[in-house]
Amino acid sequence: MSWIGHGELMEKAEILPQEVKEALDQAAELVTGNLPGFRGGFPKAYSENGFYEAGENVDWTTGFWTGEVWLAYEHTGKMELLQAGKQQMESFLQRITEKRDVETHDLGFLYSPSCVAGYKLTKSDVGHKAALMAAKELTGRFHEKGEFIQAWGPLGTRENYRLIIDCLLNLPLLYWAAEETGEERYRQVADKHIHTALSHVIREDFSTWHTFFFDWETGAPDHGATCQGYRDGSAWSRGQAWGVYGLAIGYRYTRCQEYIKAFEGVTAYFLSHLPEDLVPFWDLEFGDGDDQPRDSSAASIAACGMLEMSKYLDRAQAEYYQGIAKRLMKALTEKYAVKDPAVSNGLVLHSTYSNHSPFNTCNHYGVDECNLWGDYFYMEALTRLYKDWQMYW
């Protein structure tokens with residue numbers, strides 16, 4: 001097992017502007033070409049043998065498909081993409097109205113890249129209504145005891161009295177709702193959750209816990225654990241990437257100076273555990289020489305986080321993180337991106353949804369496949385590099 005050194009990392013080539021455009025052109029073309037296969041439906045969370053099957057608007061991942069549609073529409077202006085995005089927002093409104101599969105903190109993942117994005121791009125009343133309903137639903141998962149948004153399961157049960165690091169990306173839905181309505185409750189819940197999460201999920205060495213439990217009766221912090229990482233003490237690569245992006249978003253909305261130092265530490269840990277080709281294994285415990293699958297989605301998520309945080313840093317720091325993001329995207333576009341629709345109807349190969357180990361409790365699926373969030377954040381990172389982008393989050 002080995003990881004690339006910082007000097008070697010800095011010697012890697014950055015993606016060039018023309019390469020960004022070509023990769024984004026290609027991704028938008030693939031998304032447009034995939035529309036007929038999902039008309040009236042949504043891709044499953046992960047591919048099987050490289051191909052997504054069509055299904056209903058369920059699970060926590062469908063918003064990413066709509067996000068891909070909106071990013072492709074922004075890039076191309078094609079009417080078929082606009083119509084698809086509008087149709088999908090209707091589905092999301094129906095889902096939240098019927099409260100179908102919405103008992104989760106992942107309402108931000110569902111409604112920010114679909115309905116908030118659609119509202120920002122088209123001023124859609126449907127998108128606006130659906131996203132506000134979802135934000136209200138999300139505040140219902142907030143526990144005053146402990147001051148956090150519960151991740152999964154029936155509310156208030158002892159075994160589910162926890163948060164997970166992923167939820168940092170669900171909070172923008174609440175910040176957006178606060179801005180749209182003027183109701184401070186949304187911002188208060190988001191501020192309290194992010195403070196609680198970042199006080200407990202970041203370890204002394206700046207690696208991160210996937211999930212953190214609180215005492216069911218008192219709300220006092222209890223212990224960290226993993227569900228999707230290799231073991232409790234390791235750093236699940238996608239979770240570490242959620243930390244990178246989540247800290248950037250947290251700083252954007254709160255301007256809390258402590259989050260800059262935390263961002264630098266969490267990002268440095270991520271970068272110090274990359275293999276030679278810069279695309280992490282599914283857990284940062286693993287490096288070159290280990291017979292383990294990659295998680296290419298973690299590279300795209302981290303790149304988005306570095307590009308977002310660079311907006312708020314001094315010039316030297318901003319250029320450093322922009323350069324790292326360009327190196328990660330160079331690696332993804334050259335060796336991991338889908339270039340032939342005969343190979344896959346996704347955008348990025350070699351992601352890992354959930355990999356079972358002797359020390360975790362996860363199911364084993366979506367290993368070494370495409371997944372919807374990996375495809376979406378790949379497009380988002382390219383879009384960020386291509387233009388001054390108005391964030392969906």
ask   = In Å², what does the accessible area per residue of segment 302-393 work out to with a 1.4 Å probe?
value = 37 Å²
note = Two pseudo-spin positions, 7 Å from Cα along C-beta at HIS356 and at ASP205, lie apart in nanometres by 2.8 nm
remark   = Order by accessible surface, 1.4 Å probe, largest leading, for residues TRP152, TRP373 comes to TRP152, TRP373
remark   = Matching label for the computed volume of the Cα convex hull per residue in Å³, out of (1) 137; (2) 126; (3) 213, is (2)
request  = Taking amide H positions as placed in the peptide plane 1.01 Å from N, state which residues far from ASP368 in sequence (5 or more) or on other chains have amide H under 5 Å from it.
outcome  = SER351, THR352, TYR353
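Keeping the other protein chains in place, figure out the carbon and sulfur percent of the accessible area of segment 65-221, with a 1.4 Å probe.
On the way: 2940 of 6060 Å².
C and S fraction of accessible area: 48 percent.
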note = For segment 156-170, in residue order, the Karplus 3J(HN,Hα) values (coefficients 6.51, -1.76, 1.60; θ = phi - 60°; whole Hz; Gly and Pro = x) are x, 6, 4, 6, 10, 7, 7, 10, 10, 4, 3, 5, 4, 8, 8
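Would you mind getting the accessible area per residue of segment 160-226, heavy atoms of the protein chains only, 1.4 Å probe, in Å²?
Accessible surface, normalised per residue, equals 38 Å².
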key: Calculated from backbone phi, Karplus (6.51, -1.76, 1.60) coupling profile of segment 240-246 in Hz, x at Gly/Pro   = 5, 5, 4, x, 4, 6, x
Amide H contacts of ASP283 (H built 1.01 Å from N, under 5 Å, at least 5 apart or other chain) = SER237
ask   = Share of segment 318-393's accessible area from carbon and sulfur, percent, 1.4 Å?
value = 49 percent
ask   = Largest first, what is the accessible-area ranking of ARG141, ARG185, ARG100 with a 1.4 Å probe?
value = ARG185, ARG100, ARG141
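Could you give the length gained by full extension between GLU159 and ASP388, i.e. 0.36 nm per residue of separation minus their alpha carbon distance, to one decimal place? Show your work: numbers first, answer last.
Working: separation 229, 0.36 × 229 = 82.44 nm, distance 4.35 nm.
Fully extending the segment from GLU159 to ASP388 adds 78.1 nm.
Which percent of the accessible area of segment 1-44 is formed by carbon and sulfur heavy atoms (probe 1.4 angstrom)? Please list the in-between numbers first.
Details: 1270 of 2400 Å².
Result for segment 1-44: 53 percent of the exposed heavy-atom area is carbon or sulfur.
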message = Under 5 Å between amide hydrogens, which residues at least 5 positions from SER124 or on another chain qualify, with H placed 1.01 Å from N in the peptide plane?
response = TYR119
ask   = What FRET efficiency do you get for GLU56 and LYS145 if R0 is 51 Å and r is their Cβ-Cβ distance, rounded to the nearest 0.05?
value = 0.90
query = Using θ = phi - 60° and the Karplus curve 6.51 cos²θ - 1.76 cosθ + 1.60, what whole-Hz ³J(HN,Hα) does each residue of segment 295-301 get, with Gly and Pro shown as x?
reply = 9, 4, 4, 5, 5, 5, 4
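So if R0 is 30 Å, what FRET efficiency would GLN257 and GLU180 give, r being the distance between their Cβ atoms, rounded to the nearest 0.05?
0.65
The values are calculated or read from the model by the stated rules, or taken from the named source; none is laboratory data. Being a predicted model, the structure only gives us computed values, none of them experimental. FYI the Cβ positions are ideal-geometry reconstructions off the backbone, even for glycines, and counts take in every protein chain you see. The area values use the complete protein model at the heavy-atom level, side chains included, leaving out ligands, DNA and RNA. Shrake-Rupley method; radii C 1.70, N 1.55, O 1.52, S 1.80 Å.
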